[in-house]
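Let me begin by presenting the structure, written as structure tokens, before commenting on it.
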Amino acid sequence: MPAIVADLGNSRLKLGRVDQDRRLGATVSLQLGDPESWRRGLAELGISSPREASWAISSVNPPLARSLAGFLDQEGVQASCWFDSASQVPMDMDVEGAETGGADRALGVLAARSLAAPGQPVLVVSCGTAVTIESVDDRGVWRGGSIGPGLGVSARALHLMTAQVPIIAIDSQPPPRGRGTVSSLEAGIFWGLVGGVRLLIELQSALLGGVPAVFWTGGDAPLVAPAVAGPTARLTPNLVLQGLALLVPLETNP
């Protein structure tokens, strides 16, 4: 039976097919709350019916998790494993509130840890709806991290909390100084986030006591990472799906 991994976030549902050695294969990014889109995405992965596969699912979106669970149940899926909190991810961690912390953060750490050299500290920078930075020490223990607003959230917050600020979308690196309202918003939101991430990487690296491997993931990582770390920034798409792929039982693979 083939295996499908699913990352149900706040803005997209990402699906991936897992090959025989638990490596992540083809992936698709789909709309939330749209079962027809989900079926088309599965077809792109070579799955004609959801019940043909076993599922491993990470969710940080409880209402839509219920919708996806209902969809899978209606489609007759018998084998599914859900990760709703960080505490459910089997790894060494020294964090508070793992039972309520996001499974996506822990799964990203699990995947990055498997990609880093043995004994090397790790930082995982995820740039999506939120921007999170996770620290892993040289013994592979997740020590926690930071959570802040992403580019889109910051833009929407300024629009909603002020009377005259327009909503904007940042899809390219703006100049650090704007001549009008929109360009000034772009400069402040983008470079403010870049500066904050750069400082947090510096501070968290110092706490780790070594030079960490920094893994960048998330939809805005291709835009943010080069501004923070330069063109050699290590972009690693779909780290959450990669973490889920590591947890797929061997017997669920084709």
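Since every read-out is calculated from the coordinates, none of them should be taken as a lab result. Predicted model only: the values in this text are computed from it and were never measured. Ideal geometry is used to build each Cβ from the backbone, glycine not excepted, and the neighbour counts take in all protein chains shown.
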Calculated FRET efficiency for the pair Asn10/Val182, C-beta based, R₀ 25 Å, to 0.05 | 0.50
Phi to ³J(HN,Hα) by Karplus 6.51 cos²θ - 1.76 cosθ + 1.60 over segment 122-128, Hz, x for Gly, Pro = 9, 10, 10, 10, 10, 10, x
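Per residue, how big is the convex hull around the C-alpha atoms of the chain? Give it to me in cubic angstrom, could you?
Values: hull volume 34.6 nm³, N = 254.
In the chain, the Cα convex hull volume per residue is 136 Å³.
What is the packing order of peptides 2-12, 76-86, taking the mean over residues of other C-beta atoms within 10 Å and listing the highest first?
Details: 2-12: 22.0, 76-86: 16.8.
With the highest mean Cβ count within 10 Å placed first, the list reads 2-12, 76-86.
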Among Val122, Val211, Val136, which one moves the most in a GNM of the chain with springs linking Cα atoms closer than 10 Å?
-> Val211
Which value in Å does the Kirkwood hydrodynamic radius of segment 59-150 take, with 1/r averaged over all unlike C-alpha pairs and then inverted?
-> 14.3 Å
Burial ranking of peptide ranges 149-155, 41-47 (average Cβ count within 10 Å, highest at the top) | 149-155, 41-47
Euclidean distance between Cα centres, segment 166-235 to segment 1-77, Å | 30 Å
Percent relative contact order of the chain, based on C-alpha pairs within less than 8 angstrom and at least six residues apart?
-> 21 percent
Note: probe point = Cα of Leu64 + 7 Å toward Cβ; backbone nitrogen < 15 Å; residues of segment 8-23 passing the test are 8-16
Of Gly97, Leu208, Gln78, which is farthest on the positive side of the dipole of the chain, counting Cα position, with +1 on Lys and Arg Cβ, -1 on Asp and Glu Cβ, and the Cα centre as origin?
-> Leu208
5 Å-binned pair-distance histogram of segment 92-240 (Cα, whole percent) | 2, 10, 19, 21, 18, 12, 9, 6, 3, 1, 0
With each label point set 7 Å from Cα along the Cα-Cβ vector, what nm distance links Leu45 and Ser172?
-> 3.4 nm
For segment 15-72 the mean separation of alpha carbon contacts under 8 Å (6+ apart) over residue count, i.e. relative contact order in percent, is 25 percent
Given backbone amide H placed at 1.01 Å from N, residues whose amide H is under 5 Å from that of Gly25, ignoring those fewer than 5 places away on the same chain, are Arg17, Val18, Asp19
If you build a Gaussian network model of the chain, linking Cα atoms that sit under 10 Å apart, which residue out of Thr27, Thr132, Thr162 swings the most?
-> Thr162
